[in-house]
1. Could you list all residues from the stretch 222-245 that are hydrophobic (A, V, I, L, M, F, W, C), buried (at least 23 other Cβ atoms within 10 Å of the Cβ) and over 16 Å from ILE460 (Cα atoms)?
2. I'd like to check something: does the stretch 377-388 contain any residue that is closer than 23 Å to LEU87 by Cα, assigned to a helix (DSSP H, G or I) and either at pLDDT below 90 or open to solvent by 10 Å² or more (accessible area, probe 1.4 Å) (or both)?
3. Would you please name the residue that is least open to solvent (accessible area, probe 1.4 Å), looking only at residues in the stretch 260-273 that are free of Cβ contacts under 8 Å to residues at least 12 places away in the same chain and out of contact with any Phe, Trp or Tyr (no Cβ under 7 Å at 6 or more places or on another chain)?
4. I'd like to check something: does the stretch 400-407 contain any residue that is surrounded by fewer than 24 Cβ atoms within 10 Å (Cβ to Cβ) and in contact with a strand residue (DSSP E or B) (Cβ under 8 Å, 6 or more places away or on another chain)?
5. Does LEU437 satisfy the criteria of being at negative phi, in a helix (DSSP H, G or I), out of contact with any Asp or Glu (no Cβ under 7 Å at 6 or more places or on another chain) and open to solvent by 50 Å² or more (accessible area, probe 1.4 Å)?
6. I need the full set of residues from the stretch 139-165 which are hydroxyl-bearing (Ser, Thr, Tyr) and at pLDDT 85 or above, in order please.
7. Hey, any hits in the stretch 197-212 for a residue that's buried (at least 17 other Cβ atoms within 10 Å of the Cβ) and modelled with pLDDT under 90?
8. List the number of the failed condition for MET526; all other conditions in (1) under 24 Å from the mean Cα position of the chain (by Cα); (2) of a type in the set (A, V, I, L, M); (3) open to solvent by less than 50 Å² (accessible area, probe 1.4 Å) hold.
Amino acid sequence: MHLTQQDQKLDIVLRNQGATDSTFEISDGSNDPEKNVITEPRADSLEEGLDPRPDGNLIYSINDRPPWYLCILLGFQHYILAFGGILAIPLILAEPLCIKENNAAKSQLISTIFFVSGLCTLLQTTFGTRLPILQGGTFTFITPTLAILALPKWRCPDMSATAQPNTTDSAATPLVDSDEVWKVRIREIQGAILVASMLQLVLGLSGLVGLVLRFIGPLAIAPTINLIGLSLFIQAGQKSGAHWGIAALTVCLILLFSQYLSKVNLPLIAYKDKKWKVFQYPLFKLFSALFGMCGAWLVCFLLTYFNALPSSPNEYGYMARTDINLNAVKSAAWFYVPYPGQWGLPTVSVSSVLGMMAGVLASTMESIGDYYACARLSGAPPPPTHAINRGIAVEGVGCILAALWGSGNGTTSYSQNIAALGITRVGSRLVLQTAGLLMIILGLFGKFSAVFITIPDPVIGGMFLIMFGMVAAVGISNLQYVDLNSSRNLLILGFSTFSGLVLPTWFHSNPGMINTGIKELDQLIMILFTTHMFIGGFFGFVLDNTIPGTEEERGIKSWRKVDVRSKIHMTDLSCYNLPFCTNFIQRFKLLHYLPFLPSLESQELGTHL
């Protein structure tokens, strides 16, 4: 029986799932179609491992449309990969937002952030860069958010204390409506993200992204991203400290699955062409974080079931119990629809907006690098300027939507999902659009979101230890382009990183030292100088652009170098054109001068490629 072309592609997908990296190749030496022989990696990076031949590596490229059932399977896999990063954000913000004990509010925040992430993924893949790239919550917004909520004005009140009738500070007075205590805080964060994201929108629509990039190099990016991870060590320590044994178990399980067992593929069975086939699948590598977290969660459940953990809240290890927040699942609504303004109208203050802009700029720079990597792994040519501008503009729109819905965060591109394109060898845009739909649908089920609240604190802390360490390491990885034998570069890197740790710590310890006589200016100084990544990025940017140094020494030349080894791609530049309106844009030449729309040159190039 001869297979159709669609069935042949599906068969190849099932048999090639054993490749645990895009740099792995299937050996042609085996004549058995039901067995995979995996050879060693050919290159050191995902981008270098992409075979330039149109039929060499990808099963489905960016414009291909896999069967609906395969779209759902691969789309859910992308959802799982982004799950840990997205879930971590509302859990981090729970305490500073004063909802540590408010399970209903946490459940609603989790539903909202997943819903908005799915919505923004659809916007980015359809109207943005149109690359198969997932949008989710960003850690770059957490640091300025924590700085804002650390102001005396927004510190959580002691709900057990009695209200003082002569006090004038409403934020310090227990309110009759306990929900208003946290809603007034999240409205402040909403307003800061809403206005600060306008900067990202302007950068994209005006084409200023290319101008800004000329002055930003690895020595500005490295301390910025590095300090995002390093500044969150307090949150990781607090969660892990609830039971260091469970936190260590979580870390060990994630390391076991992601590193030690990463090349171990498990045999799975599939029914195809009226017979059962066995194929190898890298379950441990794909779902290492999920398996590690669920394994530790199961251990906590067993310890709770056999009453091996303390039952008193005052005893050490009580927070490792799994029955503490069971009422969150029982009380959560089966169906919850997030909507704009659900917490009330956002409030805006200048100091909060300026502090949040540091997160917007860091997120913008991070996303541009993701666009190039995603294009290479999806069979598309390097993204043209208009696609990058439009992608950044749509990310700005996504952050504005996140602010309106009140997720407590913005959105950005997810690098781990870009790597999944190489693992699955499926770079189809439709798969990521399916993932966006799944995130929206699952975000509507309130009890599904509430289940995550029952995860014990030490399990979350162990996940934080791995995750935040990886964020810091991503920042350090930018130094691979820099000459680290240069005393100039070492001075800039060391001073900017160390200052990003010292200054915020000092300002937190001495909040009363800033007294200019203008309350708004005091708040602005406090937010900016307690935002680790702003301090590190600011000093890195200024010193790198003022201290003399060659482009090779600064790493600018190699950092901006585009891999042009291969001029053969699975598609042409037309994959970046907007849907439904290409003919309209071609008809009016004035539209070609807008920096976020295809120009005449790019359209002609895409036609002749």
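The values are calculated or read from the model by the stated rules, or taken from the named source; none is laboratory data. Remember, predicted model here, so these are calculated numbers, not experimental data. In this analysis, Cβ positions are derived from the backbone assuming ideal geometry, glycine residues included, and neighbour counts consider all displayed protein chains. To get the accessible areas, we keep the full protein, side chains included, count just its heavy atoms, and leave off ligands, DNA and RNA. Shrake-Rupley method; radii C 1.70, N 1.55, O 1.52, S 1.80 Å.
1. Within the stretch 222-245, ALA222, ILE225, LEU227, ILE228 meet the criteria.
2. no
3. TYR271
4. no
5. The answer is yes for LEU437.
6. The one that is hydroxyl-bearing (Ser, Thr, Tyr) and at pLDDT 85 or above: THR145.
7. Yes - at least one qualifying residue is present in the stretch 197-212.
8. (1)
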